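> Structure incoming, see below.
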Amino acid sequence: MLSLQLLHQPLQLARLELLVLDLPQKASFTSGIGQRRSRKVLIVKWIDAQGVEGYGECSCRPDPYYSEEYLDGALLLVQRFIVPQLTRNTNLLALLDLLRRIRGWNFTKAAVEAAAFQVARTLSGYQLSQDLHASPTDEVPVGISLGFFKDKVEAYDKVQSAIAEGYRRIKLKIGPNVDTAIYEHLHPLFVDHAVPVAFDANGSFFATDLDRLGWFVDAYDSVIEQPLPPDRFDLLRVAQARYPRLRVCADEEVTCIGDLLKLHALGAIAELNLKPGRVGGIAKSVEILNECRARAIPCWIGGMFETGIGRVLNLEFARFLPDATAHDLSPSSRYFIEDIITPEVEMDAGLVRPASYINYRVRADIMQRLRCARRSYDY
């Protein structure tokens with residue numbers, strides 16, 4: 001739960017804006033979910049009567065292939081079920097109660113909450129350290145997630161380049177149909193440079209693919225992020241019984257505190273990739289992070305190709321996980337031709353300094369140029 005001071009901070013909502021942007025990527029990215037060439041995103045802008053602005057990012061995909069949420073649906077949900085229930089005189093506590101009544105749609109609710117949260121913290125001087133049971137660090141170690149490779153040469157060059165850039169962990173996308181010879185070819189590279197490696201399957205292995213999954217368990221002593229579909233806890237237990245060395249990093253399986261406690265009780269989680277949007281936002285993330293700390297569950301912060309708006313918020317949470325090897329929070333320059341905030345998030349020797357970006361400024365000129373749609377509601 002967030003502090004009462006923040007929850008009761010008066011918010012005089014003057015206008016809510018919904019902005020759909022399409023940010024061109026520097027390169028396409030392919031995973032078990034599919035391929036993307038640009039980042040289409042919904043930004044929620046909360047404008048207080050005093051002129052204070054807050055921004056939240058809905059980091060769901062344009063399609064329903066990562067979760068049941070998709071961008072057009074998110075926009076419609078806010079328009080039909082959130083906008084009509086907002087009032088001019090409100091606070092975070094009232095907003096959270098409104099959002100709690102909506103089943104699912106965590107990414108969408110998180111964006112509205114984040115926009116209001118930014119205004120409330122500006123007015124109240126709130127800091128996350130007031131509610132997170134850990135001391136913040138000045139520097140956050142960053143890892144990189146690499147998509148599928150076409151051949152050994154491409155794979156070797158991309159991994160070698162990522163190591164040279166200073167990334168603190170290399171995460172490789174895998175699936176039941178990949179060529180394992182490519183990953184075998186890469187193994188000496190990780191050993192020579194002593195760089196941690198992890199795998200991410202995006203839930204693409206099924207019961208008929210356990211032999212192929214076993215290859216990765218045996219060939220690398222590495223954690224595998226969501227090897228099986230998020231709703232197949234039964235199959236996860238079968239895989240763990242078959243491969244005792246299988247260490248699972250939970251991702252899509254955890255959308256709330258109950259999911260985390262269930263996996264922990266089953267002994268089916270080695271670590272957690274926490275994506276604040278996926279679990280419903282800031283208040284839910286605080287609850288989960290404190291629970292992970294209390295139960296000694298390793299945790300790190302993941303990403304959904306967020307713009308600087310969502311990335312800076314993720315970096316703030318990452319500050320409170322000092323034991324994490326790395327977080328999937330690469331600098332803006334890795335993804336986008338141009339980001340929508342200034343200063344853009346930068347990395348130095350595999351480290352990002354979140355304090356440099358907390359007071360970022362939104363680039364209205366870039367947002368207007370990349371805008372596909374805009375809806376505005378006055379209160």
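The values are calculated or read from the model by the stated rules, or taken from the named source; none is laboratory data. Everything quoted here is computed from the prediction, not taken from an experiment. Neighbour counts are summed over all protein chains in view; Cβ atoms, including those assigned to glycine, are modelled from backbone coordinates with ideal geometry.
> Would you point out which residue out of PHE205, PHE199 is in a loop (DSSP other than H, G, I, E, B), closer than 22 Å to GLY302 by Cβ and without any contact (Cβ under 8 Å) to a residue 60 or more places away in the chain?
PHE205
> Tell me which of these ASP365 doesn't satisfy, since it passes every other one: (1) free of Cβ contacts under 8 Å to residues at least 24 places away in the same chain; (2) more than 21 Å from VAL119 (Cα to Cα); (3) touching a strand residue (DSSP E or B) at 6+ places or on another chain (Cβ under 7 Å).
(3)
> For LEU77, state whether it is within 19 Å of LEU2 (Cβ to Cβ), assigned to a helix (DSSP H, G or I) and over 20 Å from the mean Cα position of the chain (by Cα).
Working: within 19 Å of LEU2 (Cβ to Cβ): no; assigned to a helix (DSSP H, G or I): yes; over 20 Å from the mean Cα position of the chain (by Cα): yes.
When the stated conditions are applied, LEU77 does not pass them.
> Assess whether ILE257 counts as being surrounded by 23 or more Cβ atoms within 10 Å (Cβ to Cβ), at pLDDT 95 or above and of a type in the set (Val, Ile, Thr). Please lay out each step first, then the result.
On the way: surrounded by 23 or more Cβ atoms within 10 Å (Cβ to Cβ): no; at pLDDT 95 or above: yes; of a type in the set (Val, Ile, Thr): yes.
It is false that ILE257 is surrounded by 23 or more Cβ atoms within 10 Å (Cβ to Cβ), at pLDDT 95 or above and of a type in the set (Val, Ile, Thr).
> Give me the residue from the stretch 233-253 that is of a type in the set (D, E, K, R) and touching a Gly at 6+ places or on another chain (Cβ under 8 Å) and, out of that set, surrounded by the most Cβ atoms within 10 Å (Cβ to Cβ).
Keep residues of the stretch 233-253 that are of a type in the set (D, E, K, R), which gives 234, 237, 242, 245, 247, 251-253.
Imposing the further condition that a residue be touching a Gly at 6+ places or on another chain (Cβ under 8 Å) reduces the set to 242, 251-252.
Values: ARG242: 13, ASP251: 20, GLU252: 18.
Filtering first and then ranking leaves ASP251.
> Oh, and also: Considering only residues that are touching a residue at least 24 places away in the same chain (Cβ under 8 Å) and of a type outside the set (Lys, Arg), which ones fall in the stretch 209-218? Don't jump to the end; show me each part of the working.
Within the stretch 209-218, the first condition is being touching a residue at least 24 places away in the same chain (Cβ under 8 Å), and the residues that meet it are 209-210, 212-218.
Scanning the stretch 209-218 gives ASP209, LEU210, LEU213, GLY214, TRP215, PHE216, VAL217, ASP218.
> All but one of (1) surrounded by fewer than 19 Cβ atoms within 10 Å (Cβ to Cβ); (2) under 19 Å from the mean Cα position of the chain (by Cα); (3) closer than 24 Å to PHE117 by Cα hold for ARG311, so report the exception by its number.
Of the numbered conditions (1) surrounded by fewer than 19 Cβ atoms within 10 Å (Cβ to Cβ); (2) under 19 Å from the mean Cα position of the chain (by Cα); (3) closer than 24 Å to PHE117 by Cα, the odd one out for ARG311 is (1).
> Let me ask another. Where residues in the stretch 276-302 are among the small types (Gly, Ala, Ser) and free of Cβ contacts under 8 Å to residues at least 60 places away in the same chain, which of them is surrounded by the fewest Cβ atoms within 10 Å (Cβ to Cβ)?
Narrowing the stretch 276-302 to residues among the small types (Gly, Ala, Ser): 277, 280-281, 283, 285, 294, 296, 302.
Subsequent filtering for residues that are free of Cβ contacts under 8 Å to residues at least 60 places away in the same chain retains 285, 296, 302.
On the way: SER285: 24, ALA296: 8, GLY302: 24.
By that ranking, first place goes to ALA296.
> Would you pick out the residues in the stretch 62-88 that are touching a residue at least 40 places away in the same chain (Cβ under 8 Å), touching a Leu at 6+ places or on another chain (Cβ under 7 Å) and surrounded by 17 or more Cβ atoms within 10 Å (Cβ to Cβ)?
Scanning the stretch 62-88 gives LEU71, LEU75, VAL78, LEU86.
> Of everything in the stretch 140-184 that's in contact (Cβ under 8 Å) with a residue 60 or more places away in the chain and of a type in the set (Gly, Ala, Ser), which residue is surrounded by the most Cβ atoms within 10 Å (Cβ to Cβ)?
Only one residue tops the list, namely GLY143.
> Looking at the stretch 116-138, is at least one residue within 15 Å of LEU351 (Cα to Cα), in contact with a helix residue (DSSP H, G or I) (Cβ under 6 Å, 6 or more places away or on another chain) and modelled with pLDDT of 95 or more?
No, the stretch 116-138 has no match at all.
> Still on this structure: Assess whether GLU271 counts as being touching a strand residue (DSSP E or B) at 6+ places or on another chain (Cβ under 8 Å), acidic (Asp, Glu) and within 13 Å of LEU321 (Cα to Cα). Please lay out each step first, then the result.
Values: touching a strand residue (DSSP E or B) at 6+ places or on another chain (Cβ under 8 Å): yes; acidic (Asp, Glu): yes; within 13 Å of LEU321 (Cα to Cα): yes.
So GLU271 passes the test.
> Return the residues of the stretch 91-123 that are of a type outside the set (A, V, I, L, M, F, W, C) and either surrounded by fewer than 18 Cβ atoms within 10 Å (Cβ to Cβ) or touching a strand residue (DSSP E or B) at 6+ places or on another chain (Cβ under 7 Å) (or both); say none if nothing qualifies.
So the first thing to find is which residues in the stretch 91-123 are of a type outside the set (A, V, I, L, M, F, W, C), and the list is 91, 97, 100-101, 103-104, 106, 108-109, 113, 118, 121-122.
Result: ASN91, ASP97, ARG100, ARG101, ARG103, GLY104, THR108, GLU113, GLN118, THR122.
> Considering only residues that are outside any loop (DSSP other than H, G, I, E, B), within 30 Å of ARG293 (Cα to Cα) and free of Cβ contacts under 8 Å to residues at least 60 places away in the same chain, which ones fall in the stretch 313-347? Please lay out each step first, then the result.
Restricting attention to the stretch 313-347, the residues satisfying the condition of being outside any loop (DSSP other than H, G, I, E, B) are 313-318, 327, 332-336, 341-342.
Those left that are additionally within 30 Å of ARG293 (Cα to Cα): 313-318, 327, 332.
Answer for the stretch 313-347, where residues must be outside any loop (DSSP other than H, G, I, E, B), within 30 Å of ARG293 (Cα to Cα) and free of Cβ contacts under 8 Å to residues at least 60 places away in the same chain: ASN314, SER332.
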